[in-house]
Every structure is written in C-alpha cells, then in structure tokens.
Amino acid sequence: MTRPACTWRSAARTDTGKVRARNEDAFLNVPEKGLWVVADGMGGHHNGALASRLIVEHLAELPEGSLPERLIALRHCLHALNRRLGHDLTVTAGQPDPVIGSTVVALLIDDARAACVWAGDSRCYLWRGGRLYQLSRDHSLMQQLIDEQALSPQQAARHPAAHALTRAIGAGEQLVLDILEFDVHPGDTLLLCSDGLYQSLTPDSLGAALDAPSPSLALQRLFDAVLDGPARDNLSAVVIRR
C-alpha cells in the first residue's frame, strides 16, 4: 500500500506567465496517495484548459492499491480520457478547431518504488547526489528528428515545427504511453513540469533550484528564475522529496 503522507513532502504551483491570456496547465499534488501530475493543455486549440483539468480530476479519483494495481488504473484512466477527448468532446465543441488535448506526466510512488507515465513534452526530472537526470523523453518532432535523423538538439530546434507534439491525450485515436519504473532513495528530489518551465532554464539552473533544502523553496526558486525572464508560456511544476 501507499506510504504514509509524512514520508513524502511536495509543493506545487502554476502560473499563466507574462504573455498568455489564460492558463491551460493543471496539476495534482496528493502526497498522501503518492500521486503527482502535471498536464499542459494543447496551446492554440479550443479549450486545452478543459483537457488538462479533466485529466487531473479523473486521476485524483484513482483507487488505492499496490503500485502495479495503481499503474494499471492510471493507464486505463488515460486511455479512456483519450477516447473521450478525441471523440465525444470534439463532436460537441462547435469550434472551427475542435481539437481538445493535453500533455500529461504522472508520478506514482509506493514505498521505495516509483512509476512515471507520460505522453507529450511535459517532463520528469530526478535530482540525486548532486546530479540532474531527465527521466522522461519528449514526444515532440524535435526529439523525433534527433532520434531518427541523428540531428543535434541545435539543428533539430531550427525546424519550424520543432515543438509540435507527436503524442498527447486526445491528439489521436491510439494513445501510446511511455512508462518508466525505478527505485527511489532517501534524499531524492523529483520534478514534474510543463515545457513553459524547463524551456526557460538551463540544466544547471534546474539543478541549483532542486538542491534547495525544501520542496517549497525549490519551487520558489524555479518560478522566480522563469518569471524574471520573458515567461512566454504557462508554467507549472511539482517538486517531490523523500
């Protein structure tokens, strides 16, 4: 079963940023369940805020159980939402652009075992022993160009559609989720975040913020660093520490 709430400390925050008119991000911060989520509604499409909100609302209702049981329930929930967003809602949207979708990155933890599930380019990072690890791998055209054409990140970034998503909840009939299971150690710090946060920060800046003595201070440092700059996108983050 899930560890007691006191085992894990976490802090979460979202901000519209300085340019966007509304915030299409959403997050879930439930340390007592060992459950954290960041969802980023697909910008430029009708009601991405609705998609991200539905994701966190439905995942908040996941039943208790062992990590494998919860992982199955989470996957089933996201597949059901993909069908709903891809079909039911588009029929009733009544908008010129009826796509309603969202990225998602979710973290489940039970005792010393964790599972990260994601679709899209919201990310999961691990700060351990003074080193930063990116655990998730973006589902974006940029990452696809790097993988398939052996381009450098700088070369791939020049593509006019570099940040286009190749996977997201509601973006296609078939949803393929990536899943990473791993052990967590005492002192580990994990970060879930939308692209509006990490695209504005270098890996060194991310690591320096996550090295703070508490999740709330780490979160404050992350947001201060982004909001001191242009902050052209919505930004959301959850910081979790054992």
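The values are calculated or read from the model by the stated rules, or taken from the named source; none is laboratory data. From a predicted model like this one, the values you see are computed outputs, not experimental measurements. Reconstructed Cβ throughout: ideal geometry from the backbone, glycine too, with neighbour counts over all protein chains shown. With ligands, DNA and RNA removed, areas are computed over all heavy atoms of the protein, side chains included. Shrake-Rupley method; radii C 1.70, N 1.55, O 1.52, S 1.80 Å.
Structural remarks
- Criterion applied to GLU173, GLU148 was being modelled with pLDDT of 75 or more, out of contact with any His (no Cβ under 6 Å at 6 or more places or on another chain), open to solvent by 10 Å² or more (accessible area, probe 1.4 Å) and not hydrophobic (A, V, I, L, M, F, W, C), and the one residue passing it is GLU173.
- Enumeration of residues in region 192-242 that are modelled with pLDDT of 95 or more, open to solvent by 10 Å² or more (accessible area, probe 1.4 Å) and of a type in the set (Gly, Ala, Ser): SER205, ALA208, SER214, SER216, ALA225, GLY229
- Across region 204-227, the qualifying residues are those that are not in a helix (DSSP H, G or I) and not hydrophobic (A, V, I, L, M, F, W, C), and the one among them that is farthest from SER10 (Cα to Cα) is ASP211.
- Cβ-Cβ under 7 Å pairs, at least 6 apart or on other chains, region 221-242 side over 18 Å from ARG123 (Cβ atoms), far side of a type in the set (Asp, Glu) and open to solvent by less than 10 Å² (accessible area, probe 1.4 Å): ARG242/ASP188
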